[in-house]
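Beneath this line is the structure, given in structure tokens, with notes to follow.
Computed from the coordinates by the stated procedures, all read-outs in this text should not be read as laboratory data. Please read these numbers as outputs of a predicted model, since none were measured by experiment. Ideal geometry is used to build each Cβ from the backbone, glycine not excepted, and the neighbour counts take in all protein chains shown.
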Amino acid sequence: MNTSIEVSALRSSLLAALLSLGGTGLAAIAIQALPGSILPPTYSEASLSETVVTPEMVAKGQEYYGMSCSHCHGDDATGDDDGPNLHDLRISNARIAVAIKKGIKDQMPTFAKKYNDAQIKALVSYLRTLR
């Protein structure tokens, strides 16, 4: 049997099982964590990978993080009562950018009006430095 068909079937089964248990939030996390996710990113992965990350860009991202993210995710990004730990994220840069840009329903506000694409790239660059 074709491996890609098996992987697709496994993803579909996992999604169905999680949804049947009422774990829609868990399903979204599980799907995002799978390589080659069945949900196409709406933010270009290529545009992020083509960006040359500089210390200045990371510093700007850290500045934006302090202005908009630290009150929920903590000053050190290890999480707080409101937001999860942002160290060693296991999702793509595009998924991080989409979460920042569009928010996460009932969990995180959208920052599309506050930050442009270049600023979001800086935020993603900073988050990638967190270990």
*Hits in the stretch 58-87 - residues which are farther than 15 Å from Ser125 by Cβ and acidic (Asp, Glu)*: Asp75, Asp76, Asp80, Asp81, Asp82
*Can you tell me how many residues in the stretch 83-127 are under 15 Å from Val53 (Cβ atoms) and among the β-branched types (Val, Ile, Thr)?*
3
